[in-house]
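See structure below.
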Amino acid sequence: MSRLIAVRLFFGALTLWAVSLVVFAATQALPGDAALQILGRDATPERVEALRQQLSLNDPVAVQYMQWLQGVVQGDLGTSFSNRQPVAEFLAEPVMNSLILMGWSALVATPIALSVGAFSALRRDRSFDHTASMGTLVIASIPEFVVGILLILLLGPGGLDLFPSVYAREGGIDQWILPVLTLSLAVAPPIVRMMRATMIEVLESEYVQQARLKGMSERTVLLRHAAPNAIGPVAQVVALQLAWLAGGVVAIEFLFNFPGVGKVLMDAIENRDVPLIQASVLLIAGVYIVVNLIADVIGLAANPKVRVANR
């Protein structure tokens, strides 16, 4: 197990390095001049050239990349072009907001999705099962951005006016409802389907049938024998869906004007704030890679066959 985790860590670091190459190349390909973007169109050529020298924009691309990568390894993410503030300091609050948003979405989606999937398995081929299957299929086929818009139209000021559709710093906890609900609906369908399929398989297993033949109550059979064995394989799917949140949160934060790292990234792209773009993408990729690593470990721990196959 330790060797497999070490291999996953190596490939995770390799993936993060590849992401750094791609994001650096992408920011270099952005149109316009970063120095001119900062100073404005009325700046003199001398001032623009002086700022380019200050920001090392005249250095060869390979030199710029190595300098940036060295800073990242040392914990220095650079200085924002737009506000001249250290990027690490500037991102502290948005990253925390995004993690809280992802955490609440996971806490809402996971228990509900597991419960719906388990109950669908218990009511297999009945009306609840058919309704849940159709509902998850429809939700899964709709992009999360569209789900958010539909929720705004239904529950926001344009509909029932239950929750605000745009985040405001002076607002209350209710402004978290729509972003959390949107992300929860986006990650729940795969968990529901996996829990249903696994629970059906477990309920038809020999050890569950033997427990029933011994006269155990259905409640005991479900809680002591069926549920624990069903949740193990589903845990990896849950972890993978949580990893998806790291990327899916970008569009949702932009939609609801939520002050997270996704909103910062979109604003940085608009302002051509290269250090902020690079740091935001690296952080999102890092969270995705770490959660995927956790998902792999959970999958190996829950499935002995997978452990043996990877030896």
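Before we move on, is residue 177 on the phi < 0 side of the Ramachandran plot and surrounded by 14 or more Cβ atoms within 10 Å (Cβ to Cβ)? Yes: the conditions hold for residue 177. A count restricted to the stretch 19-34 and to residues that are surrounded by 16 or more Cβ atoms within 10 Å (Cβ to Cβ) and modelled with pLDDT under 75 stands at 1. Does residue 252 fit the bill of being outside any loop (DSSP other than H, G, I, E, B), open to solvent by less than 30 Å² (accessible area, probe 1.4 Å), closer than 16 Å to residue 106 by Cβ and touching a residue at least 12 places away in the same chain (Cβ under 8 Å)? Considered against the rule, which asks whether it is outside any loop (DSSP other than H, G, I, E, B), open to solvent by less than 30 Å² (accessible area, probe 1.4 Å), closer than 16 Å to residue 106 by Cβ and touching a residue at least 12 places away in the same chain (Cβ under 8 Å), residue 252 comes out as yes.
Can you report the number of residues in the stretch 79-90 which are modelled with pLDDT under 85 and either in contact with a helix residue (DSSP H, G or I) (Cβ under 8 Å, 6 or more places away or on another chain) or surrounded by 12 or more Cβ atoms within 10 Å (Cβ to Cβ) (or both)? Here the count works out to 4. Scanning the stretch 191-211 for residues that are more than 32 Å from the chain's Cα centre (by Cα) and farther than 16 Å from residue 124 by Cα, we see that the one that is most open to solvent (accessible area, probe 1.4 Å) is 206. Here is the figure for the stretch 169-196: residues that are of a type in the set (Gly, Ala, Ser) and either in contact with an Asp or Glu (Cβ under 7 Å, 6 or more places away or on another chain) or touching a residue at least 60 places away in the same chain (Cβ under 8 Å) (or both) total 3.
Checking every residue in the stretch 118-138 against the condition of being open to solvent by less than 30 Å² (accessible area, probe 1.4 Å), farther than 30 Å from residue 221 by Cβ and out of contact with any Asp or Glu (no Cβ under 6 Å at 6 or more places or on another chain) gives zero matches.
Every test in (1) in a helix (DSSP H, G or I); (2) surrounded by 13 or more Cβ atoms within 10 Å (Cβ to Cβ); (3) without any contact (Cβ under 8 Å) to a residue 60 or more places away in the chain is passed by residue 4 save one, and that test is (3). Would you call residue 240 of a type outside the set (D, E, K, R), within 15 Å of the chain's Cα centre (by Cα), surrounded by 15 or more Cβ atoms within 10 Å (Cβ to Cβ) and under 23 Å from residue 114 (Cα atoms)? In short, yes. In the condition set (1) free of Cβ contacts under 8 Å to residues at least 60 places away in the same chain; (2) surrounded by 14 or more Cβ atoms within 10 Å (Cβ to Cβ), residue 16 is compliant with all but (1). Number of residues in the stretch 212-232 that are among the small types (Gly, Ala, Ser), more than 27 Å from the chain's Cα centre (by Cα) and under 23 Å from residue 194 (Cβ atoms): the value is 1.
In the stretch 103-113, which residue that is of a type in the set (A, V, I, L, M, F, W, C) and surrounded by fewer than 22 Cβ atoms within 10 Å (Cβ to Cβ) is nearest to residue 225 (Cα to Cα)? Checking each candidate, the answer is 112.
The values are calculated or read from the model by the stated rules, or taken from the named source; none is laboratory data. Because the structure is predicted, anything quoted here is derived from the model rather than measured. Positions of Cβ are backbone-derived with ideal geometry, glycine not excepted, and every protein chain shown enters the neighbour counts. Just so you know, the surface numbers come from the protein's heavy atoms only, side chains and all, with ligands and any DNA or RNA stripped out. Shrake-Rupley method; radii C 1.70, N 1.55, O 1.52, S 1.80 Å.
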